[in-house]
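Participant: Below are the structure tokens for one structure; questions will follow.
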Amino acid sequence: MNSTALLDQYLQVRRHSESLVASLSEEDMVVQSMPDASPAKWHLAHTTWFFETFLLRERLPGYPVFDPGFAYLFNSYYEALGPRQPRPERGLLTRPPLERVLAYRRHVDEHMQVLLRDAPEEVLLLVELGLAHEEQHQELLLMDLLHLFSRSPLRPAYNVRWRDPGGDRPGRFVGLPGGLEDIGHDGEGFAFDNEGPRHKVYLQPFQICDRLVTNAQWLEFIEAGGYGRADLWLSEGWARVQEDGWQAPMYWQQRDGDWMEMGLGGLHPLVLAAPVTHISFYEACAFAAWADARLPTEAEWEVAARAGVLGQVEGCAWQWTASAYAPYPGFRPSRDAVGEYNGKFMVSQMVLRGGASITPAGHARPSYRNFFYPAQRWMFSGLRLARDAVTGQTVGDHETFAEDVRAGLSAPAKSLPPKYFYDAVGSELFEAICNTREYYPTRTETALLRSIAAELSTVIPQGAALVEFGSGASLKTRLLLDAAPQIGLYLPIDISESALRKATAMLQGAYPDLRVLPQVGDFTHLPHLPAEAARRPRVAFFPGSTLGNFTLEESRRFLRSVRRYLGRDSRFILGLDMQKDVATLEAAYDDADGITEQFNKNLLARINRELGGDFDLDAFDHLARWNPERSCMEIFLVSRRNQKVHAAGRTFEFRAGERLHTENSHKYSLAQVADLAAESGWHLGRQWLSPDPQVGIFVLEA
């Protein structure tokens, strides 16, 4: 990052800190509610002290120190820099007054702008660290304010418009194969020193839940006597339960028999579908034991997050792991005062991964290692479950399918993942859909690809590995292969082994000099790129507007995982369906010959075949409708009567008219495509649009 861009970021971060306290009174900002917390005024001063101490005093000749006494008042824990105000007594600092602290910030900001006009690389790197440090304190400030306000009998709101994360669908366990994996920061962008060095770990096969544990699940734990069963708790945790009288998460309380929760928006009724927060490591372990599961290790969490299989990775809650906070192999703190930043705390604490609702945007990343003591609860901490894999279980196998069916059909709003459409029968039906009069996307995209193939080939480097997600019959791929003979390796990934086998045989016959390396699996699970492909320039191909089947959050997560999977300097050729008139859209997903209906109902037939289901296919109607608010086609199976259905060892009830959601198909505007690319860490390069009915081909660059 150059000096100008970093200065803009510096000013934005500094302004944001002050905006967080704009609604507070001076009394709010001086109180320290417990030894672990700090007053808001101290946070504002300490983050300013960091820039003055490590940058201005060292790097700006003639810098006038604002107040020499602040070196004692606002040092946090840097032993190399001398004595400091004791942490439990920061709330005694009624002086300096808030006005002088804000003047201190203005003084430092003015001189930082001078320093950043033409700063060398080592200064820019230290400024990046200082900004990340201030973002940490922005989060700490909100944590501390919530604790402070929770101690008031008035239960004041920090912001009455504040909204905590809402609910999501029930979690499903996802299986990952384990093996030798790389974890740690990959060198792209900023990272704290404790995120490296990147190194290899060996993982046994495991399962991890793709959603966080909810308040509703935690209530079940409470009602089952979870806080009163010593057999569920680690010894130290049980002692803490007895000593502190824990009976629920930190900010829960009962009023007239109803559970309430204190949040930054004040005291409000408990949102059952929201992720549980403000729990200790001990509570997380006890819940996991009660649920016949465990906490994931930090390596399992990172591998799963990078593979793109986890929802609620960030923006909800920090997630406890089973890993003690310790140095990675080869870790060495720097020898200056900044070297005290993380290394000195690598004892007696546990690692949390992810990011919370109060974590600054862009601050979280898959390699970020947060850490707290196991009994602490005032941070926004939650959990996701993990468990050991059944011997011989593989990704996308029978048990994973059964887990998804049980979770999806037992949810209040029933749904099933669309990836299960594509068994052998489903893949053939989809090929038939593509030949219907009404289904324009395949014909239109194929025509567009044919017309731009020569131009598109120019973005593919010599000897490149072409990676296709959900390759199916690989028919569109041939247009690229014909136009770009420089492709050295083709790596198709598809969940249907039969479709992949047929496509591979066809391609090897048509292109005898092309190395084809097929991969059977779910392309939303991308743990690592095969070494043979990783050694080449990498280009991904994802036609068919399949991205439109994902939710917006899932789309961002998938695009980020692809970027990590392919690595630096990669490119991504993406096909998307654009917005158009409703009549054209609804006809495309409800053709007159009923093939789309057969395709939709084949999902139920597959459950009958593979999971012992007894669905009556004639008892469900196919429904395709346009949702203008979400800009997507929504596909359902609608129960024609009240009925009970058995599948995957469970019984499920359907009411007459109840909908089972099976697929989304989002349609995009150009602005939405650009925003989606930017939010996922890609740069939108070239683009081509077809005549009506319009589809687009886009090149994203890492």
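The values are calculated or read from the model by the stated rules, or taken from the named source; none is laboratory data. If you're wondering where the values come from, they're calculated on a predicted model, not measured in any experiment. Glycine gets a Cβ as well: all are built from the backbone with ideal geometry, and neighbour counts include every protein chain shown. Please note that ligands, DNA and RNA were not included when accessible areas were found on the heavy atoms of the full protein model with its side chains. Shrake-Rupley method; radii C 1.70, N 1.55, O 1.52, S 1.80 Å.
Participant: Quickly run through segment 263-293 and pick out the residues that are surrounded by 22 or more Cβ atoms within 10 Å (Cβ to Cβ) and among the aliphatic types (A, V, I, L, M).
Facilitator: Ala274, Val276, Ile279, Ala284, Ala286, Ala288 - these are the residues of segment 263-293 that are surrounded by 22 or more Cβ atoms within 10 Å (Cβ to Cβ) and among the aliphatic types (A, V, I, L, M).
Participant: Next question, about the same structure. Exactly one of (1) more than 15 Å from Pro418 (Cβ to Cβ); (2) surrounded by 18 or more Cβ atoms within 10 Å (Cβ to Cβ) is unmet by His622. Its number?
Facilitator: That leaves (1) as the condition not met.
Participant: Looking at Gln312, Gln247, Gln207, Gln217 in this structure, which one is among the polar types (S, T, N, Q), touching a residue at least 12 places away in the same chain (Cβ under 8 Å), open to solvent by less than 40 Å² (accessible area, probe 1.4 Å) and closer than 28 Å to Arg163 by Cα?
Facilitator: Testing whether each residue is among the polar types (S, T, N, Q), touching a residue at least 12 places away in the same chain (Cβ under 8 Å), open to solvent by less than 40 Å² (accessible area, probe 1.4 Å) and closer than 28 Å to Arg163 by Cα leaves just Gln312.
For (1) at pLDDT 85 or above; (2) of a type in the set (A, V, I, L, M, F, W, C); (3) surrounded by fewer than 18 Cβ atoms within 10 Å (Cβ to Cβ); (4) on the phi < 0 side of the Ramachandran plot, each residue gets a yes or a no:
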| residue | (1), (2), (3), (4) |
| --- | --- |
| Pro485 | yes, no, yes, yes |
| Gly488 | yes, no, no, yes |
| Ile495 | no, yes, no, yes |
| Ala499 | no, yes, no, yes |
| Leu507 | yes, yes, no, yes |
| Tyr511 | yes, no, yes, yes |
| Asp522 | no, no, no, yes |
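Participant: Can you run down the residue pairs with Cβ atoms below 9 Å, 6 or more apart or on separate chains, where the first is in segment 593-612 and more than 17 Å from Ala424 (Cβ to Cβ) and the partner is basic (Lys, Arg) and surrounded by fewer than 22 Cβ atoms within 10 Å (Cβ to Cβ)?
Facilitator: Asp593/Arg437
Participant: On to the next question. Please name all residue pairs, on different chains or six or more residues apart, with Cβ atoms under 6 Å, provided the first residue is in segment 537-554 and is in contact (Cβ under 8 Å) with a residue 60 or more places away in the chain and the second residue is open to solvent by 30 Å² or more (accessible area, probe 1.4 Å) and small (Gly, Ala, Ser).
Facilitator: Thr546/Gly470
Participant: Something else: Can you go through Gly189, Gly175, Gly184, Gly171 and tell me which one is of a type outside the set (Asp, Glu) and surrounded by fewer than 21 Cβ atoms within 10 Å (Cβ to Cβ)?
Facilitator: Just a single option satisfies the conditions, and that option is Gly189.
Participant: Test Glu438 against the criterion of being modelled with pLDDT of 85 or more, surrounded by 18 or more Cβ atoms within 10 Å (Cβ to Cβ) and either within 25 Å of Pro417 (Cβ to Cβ) or in contact with a helix residue (DSSP H, G or I) (Cβ under 9 Å, 6 or more places away or on another chain) (or both), and give yes or no.
Facilitator: no
Participant: Something else now. Can you name every one of the strands (runs of 3 or more DSSP E) wholly within segment 633-702 that holds 2 or more residues which are in contact with an Asp or Glu (Cβ under 9 Å, 6 or more places away or on another chain) and open to solvent by less than 40 Å² (accessible area, probe 1.4 Å)?
Facilitator: Correct list: 643-647, 659-666, 683-689, 695-701.
Participant: Right, here's the next one. Show me the strands (runs of 3 or more DSSP E) found entirely inside segment 321-439 where at least 1 residues are of a type in the set (A, V, I, L, M) and free of Cβ contacts under 8 Å to residues at least 60 places away in the same chain.
Facilitator: 350-355
Participant: While we're looking at this one, here's another question. Taking the stated definitions as given, is Val309 β-branched (Val, Ile, Thr), over 21 Å from Asn194 (Cβ atoms) and either assigned to a loop (DSSP other than H, G, I, E, B) or touching a Pro at 6+ places or on another chain (Cβ under 8 Å) (or both)?
Facilitator: Yes, satisfied.
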